[in-house]
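The values are calculated or read from the model by the stated rules, or taken from the named source; none is laboratory data. Just so it is clear, the structure is predicted and the values come from calculations on it, not from any experiment. Here the Cβ positions follow ideal geometry from the backbone for every residue, glycine too, while neighbour counts run over all protein chains shown. The accessibility values were calculated without ligands, DNA or RNA, using every heavy atom of the protein model including side chains. Shrake-Rupley method; radii C 1.70, N 1.55, O 1.52, S 1.80 Å.
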Amino acid sequence: MFTSFNKKAFDYSDEAVKRDFELLIKALDSSVSGIIITDHKQPDNPIIYCNAAFEKITGYARAEIIGHNCRFLQGKDRAQQARQRIATAVEQEKECRVEIRNYRKNGDLFWNELYMSPVRDASGTVTHFIGVQNDVTLRKNAERELIEQKALMEKRVEERTAELRDSEAFLSSIIQTVRESLLVLDPDFRVLSANNHFLRTFKVNSQETVGMPLYELGNHQWDIARLKELLIKILPTNNPVIDFEVEHDFPHIGRKLMLLNAYRVELEGQYKDQILLAIEDITEKRDIERRKDDFLSIASHELKTPLTTVKGFMQMLGQLRPADASERYDMIFGKVTLSIDRLNALISELLDVSRIQSGNIEIHHDFFDFGKAVLEAVESIQNTSSSHQIEVSGTVEVEVMGDETHIVQVITNLLSNAIKYSPDADKVSVHMSRVSDFVKVSVTDYGLGIAPEDQSKVFDRFFRGQELQKRFSGMGIGLYICDQIVKSHGGTLWVDSVLGKGSTFSFTIPVNGQQSNEQ
Ligand code: ADP
């Protein structure tokens, strides 16, 4: 406001000048920037004018401003470079632009973007300084945050790069140390790297391997149409190649059986365009398996023959039983017969396994009374078990096409297991039914149950469950045989079980033989 001026500082007499001057002051007062004018001719450059915006920005009233040097705005925050620049500008009577930390009356910091310039009289002598100030705290804060964020980001990028470098080094050290042949391939199936184990196994060096297309390695041993098809799908679909067998006459190492597994490489979302190919030489393993199977087959055949002879002689002995035979004689005779039968059953199971392995299991296909066969199997097991009551529910009144002896073997096996693995229970339930063009049998026990992770394995050859189940005698082949028999009838065998509560083994077979399953 004009009235706020110190008349001594500005001398005016002419009316027109006075009007202009009033207008000028009004204009200054309506500015959003804080404006001050200092008197350069007076000691310590006192403020002789401040506009309303300056009062608003600083929180000080005019009366507290006029006459002061503007340093009061810095409070105790004196050691600022900007202050020195202002002082130099005043001393040298030059303009300057600084960003300076100032403090409002209430002590709050604000960033002041100050533009100062000297005002000269007609002779060019500096009489005043005009200062235009803008509160740029928001911008400064935003700038500071941006700088902080940038620094943080840079730090993160650095950390992440270091992590990735570590992970990459970690990955490559794993690749080099595993006892499996590994190749890393690019999307065109060119070898990016081969581990030492690969080079040693295939007796090749890295020059003839790295950079080469996979299908051109050695004598083109991996150039297999089916393998190519599977590998092509890995990157786009992330479907791994699992247990692909390649039997081949390899250069330097001869005929070998290799097991291939391939995966898209993903390390924390990185390297999605690389393939890790793991190659395992299973020639020897397969050979050992084959020899084990051969041994089982020979051993069970060799055992079966004398056992059949022993069994025959025992029958003869039975017929020759003296009329006055003692109770002890009968008891021993009974025990020997029972043991021979058990041994016979075990050897028959082993023989079944080797027959299944060699594809020689014979399945007869005749119509038989399914319901009757189930009841007969139940009865024969019930006769040998006094600990459990076998409860049968449901009926099947249909002739089923299949091998009655083998189906009875399946039911018998499931029932023996149900009794064996539920020592504290006193019953086993059997349910039979017809479901569409299948018949179904379920055998439920209330015993140990099977751990979830074991449920899919119980049908594997020689699999035996947890320690608890291992306390019971067995060879781990009964369910494998059952599964194979049911499969060869075109049916399925499965288990539902709760650990500690019990298990239900169920199977279905098509009423009219395997053909109806394929319709
Ligand atoms: P074995 O009984 O001779 O071990 P099986 O092939 O009949 O062989 O069974 C394989 C495994 O499955 C058993 O060792 C046992 O762990 C588990 N199992 C089979 N039947 C049952 C059952 N009814 N309850 C609990 N576990 C069972």
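General remarks:
- Percent of Cα-Cα distances greater than 14 Å, calculated over the stretch 286-358: 67 percent
- Relative contact order of the stretch 168-281, defined on C-alpha pairs under 8 angstrom at six or more residues apart (%): 25 percent
- Separation in nanometres of the label points that stand 7 Å from Cα toward Cβ, at E208 and S123: 10.1 nm
- Cα-based reach from K285 at 12 Å (exclusive), listing aspartates and glutamates while leaving out same-chain residues under 8 positions away: none
- Mean projected area (nm²) of the alpha-carbon convex hull when the stretch 84-141 is viewed from all directions: 4.6 nm²
- Near S506, once Lys and Arg are set to +1 and Asp and Glu to -1 for all other residues with Cβ below 11 Å from its Cβ, the sum equals 0.
- Estimated distance in nm for a label pair at K457 and V498, the labels positioned 7 Å out from Cα along Cα-to-Cβ: 2.4 nm
- All-pairs Cα distance distribution in the chain, expressed in whole percent, bin size 20 Å: 15, 24, 18, 12, 14, 12, 4, 1, 0
- Interatomic Cα distance distribution for the stretch 245-308, bins of 5 angstrom, percent: 4, 14, 13, 12, 11, 11, 10, 8, 6, 4, 3, 2, 1, 0
- Partners of K372 within straight-line reach, counting aspartates and glutamates whose Cα lies under 12 Å from its Cα and excluding those fewer than 8 residues away in the same chain: E397, E399, E404.
- Within the accessible surface of the stretch 409-500, defined with a 1.4 Å probe on protein heavy atoms only, the carbon and sulfur portion equals 54 percent.
- Size of electric dipole in the chain: Cβ of Lys, Arg +1 and of Asp, Glu -1, about Cα centre, debye, nearest 20: 2120 debye
- Between 0 and 90°, nearest 10: helix 327-358 axis offset from the chain longest Cα axis: 50 degrees
- A Förster radius of 60 Å, combined with the Cβ-Cβ distance separating D366 from H252, puts the computed FRET efficiency at roughly 0.60.
- Over the residues of the chain, the helix contribution to mean residue ellipticity at 222 nm works out to -14000 deg cm²/dmol, using -39500 (n - 2.57) for each DSSP H run of at least 4.
- Potential extension, E376-S31 segment - 0.36 nm per residue separation minus Cα distance: 113.3 nm
- Net +/- balance of residues flanking V90 in space, Cβ distance below 13 Å, scoring K and R +1, D and E -1: 0
- Overall, the stretch 167-208 carries a charge dipole of about 240 debye about its Cα centre when +1 sits on the Cβ of Lys and Arg and -1 on the Cβ of Asp and Glu, all other atoms neutral.
- The gain in end-to-end length when the M316 to K304 segment is fully stretched comes to 2.5 nm, 0.36 nm per residue minus the alpha carbon separation.
- Charging the Cβ of each Asp and Glu at -1 and of each Lys and Arg at +1, and nothing else, the dipole of the stretch 226-270 about its Cα centre rounds to 140 debye.
- Highest mean packing first, where packing is the average number of other Cβ atoms within 10 Å per residue, the peptides 426-435, 380-389 line up as 426-435, 380-389.
- Projecting the Cα atoms of V184, G254, L277 onto the dipole axis of the stretch 168-281, where Lys and Arg carry +1 and Asp and Glu carry -1 at the beta carbon, places G254 farthest toward the positive end.
- Relative contact order of the chain, pairs being alpha-carbon contacts under 8 Å that are 6 or more residues apart, as %: 7 percent
- Percentage, to the nearest whole number, of Cα pairs in the stretch 7-142 over 25 Å apart: 25 percent
- Angle between the chain longest axis and helix 15-29 axis [Cα atoms, degrees, rounded to 10]: 20 degrees
- Rolling a 1.4 Å probe across the protein heavy atoms gives the chain an accessible surface of 58 Å² per residue.
- Solvent-accessible area of the stretch 7-142 (1.4 angstrom probe, protein heavy atoms only): carbon and sulfur portion equals 53 percent.
- The rule of thumb for compact globular proteins, 2.2 N^0.38 Å, goes into the C-alpha radius of gyration of the stretch 142-190 1.88 times.
- Surface share of carbon and sulfur [accessible, 1.4 angstrom probe, percent] for the stretch 286-358: 63 percent
- Helix 283-319 and the longest principal axis of the C-alpha atoms of the chain enclose an angle of approximately 30°.
- Partner lysines for K420 [C-alpha distance under 17 Å; skip if fewer than 8 residues away on the same chain]: K470, K501
- Mean separation of Cα pairs under 8 Å and 6 or more residues apart, divided by the residue count, gives the stretch 390-485 a relative contact order of 28 percent.
- Cβ-Cβ FRET estimate between T237 and L192, R0 fixed at 30 Å, reported to 0.05: 0.90
- As a calculated quantity, the FRET efficiency between E95 and E266 at R0 = 60 Å, using C-beta atoms, amounts to about 0.45.
- At the listed q of 0.20, 0.22, 0.29 Å⁻¹, the Debye profile of the stretch 447-513, built from one uniform point per Cα, gives log10 I(q)/I(0) equal to -0.82, -0.95, -1.33.
- Full extension of the segment from F333 to K76, taken as 0.36 nm per residue of separation minus the current Cα-Cα distance, would add 81.1 nm.
- Spin-label model, I130/F295: points 7 Å from Cα along the beta carbon direction are separated by 10.7 nm.
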